[in-house]
Amino acid sequence: MKVLQECVQFICRLRYADLPVTAVANAKKAIIDTMASMLAGTSEAATQKVLAYAKKQRSACVATIPGTSCRVSPEFAALVNGTMAHALDYDDVLNNTRSHPSAVVVPTIFAIGEDRKSSGQEIVTAYLAGLEAIDKIGSHVSFPQFAKGWHTTGTIGVFGAAAAAGKLIGLSEREMTM
């Protein structure tokens, strides 16, 4: 519980103005790199299947699928864009967690950020909040999971996506913990 509390406190108190210049620069590079991976994965079979499913859903079409003319709900945009980001396995790796953090965090912040009209500073801050969650939680559980054959991007990445989303929508510490 202590790890969770420390992580939530850090994320909720994280402010763009307090971020080191290097962290901001690296975050921007990672976000751009993930966008390139998403665009490269646009025509992959997995992406096309998930996109076809998303198009069939009756939802508010407010979020962009890069490289296409499609717009879907933020939830389905995160799903499709995450599939695109990881389809070719060109995405980044956070070594100490054996995961691909940007493939889950970037699609989440793009979908929510577009819907909420978030600023670039809010996007970068949320991205770093998501990475922090993946790093903190993953450093405690990823190696045993990885050794047993689990793909830790799926088991740990969800916490990063949730942290980034929570940061963008302004959850309190209590709400973020829940």
For this session: Can you send over the solvent-accessible area of residue 7, 1.4 Å probe, protein chains only, in Å² to the nearest 10?
Result: 10
Exercise. On average, how much accessible surface per residue is there in region 1-154, in Å², for a 1.4 Å probe, leaving out ligands, DNA and RNA?
Worked result: 53
Seminar exercise, completed: For region 65-171, the percent of accessible surface on carbon and sulfur atoms (probe 1.4 angstrom, ligands and nucleic acids excluded) is 59
Exercise. When we measure straight from the Cα of residue 2, which lysines land under 26 angstrom away, once same-chain ones fewer than 8 places off are left out?
Worked result: 136, 148, 167
Problem set entry | Label-point separation, residue 88 to residue 158 (7 Å along Cα→Cβ), nm | 2.9
Exercise. How high is the relative contact order of the chain, in percent, counting Cα pairs under 8 Å that sit 6 or more residues apart?
Worked result: 26
Problem set entry | Around residue 4: net Lys/Arg minus Asp/Glu count, Cβ-Cβ under 13 Å | 0
Exercise. Given a Förster distance of 45 angstrom, what is the FRET efficiency for residue 21 paired with residue 57, based on the Cβ-Cβ distance and rounded to 0.05?
Worked result: 0.65
Problem set entry | Most to least accessible of 15, 58 (protein chains only, probe 1.4 Å) | 58, 15
For this session: Sort out for me the Cα centre separation of region 23-56 from region 68-90, rounded to whole Å.
Result: 6
Problem set entry | Whole-number percent relative contact order across region 115-167, with pairs defined as alpha carbons under 8 Å at least 6 apart | 52
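The values are calculated or read from the model by the stated rules, or taken from the named source; none is laboratory data. Remember, it's a predicted structure, so these values are computed and weren't measured experimentally. Cβ: placed from backbone, ideal geometry, glycine included. Neighbour counts: every protein chain shown. The protein model used for the area step is the full one, side chains on, heavy atoms only, and it has no ligands, DNA or RNA in it. Shrake-Rupley method; radii C 1.70, N 1.55, O 1.52, S 1.80 Å.
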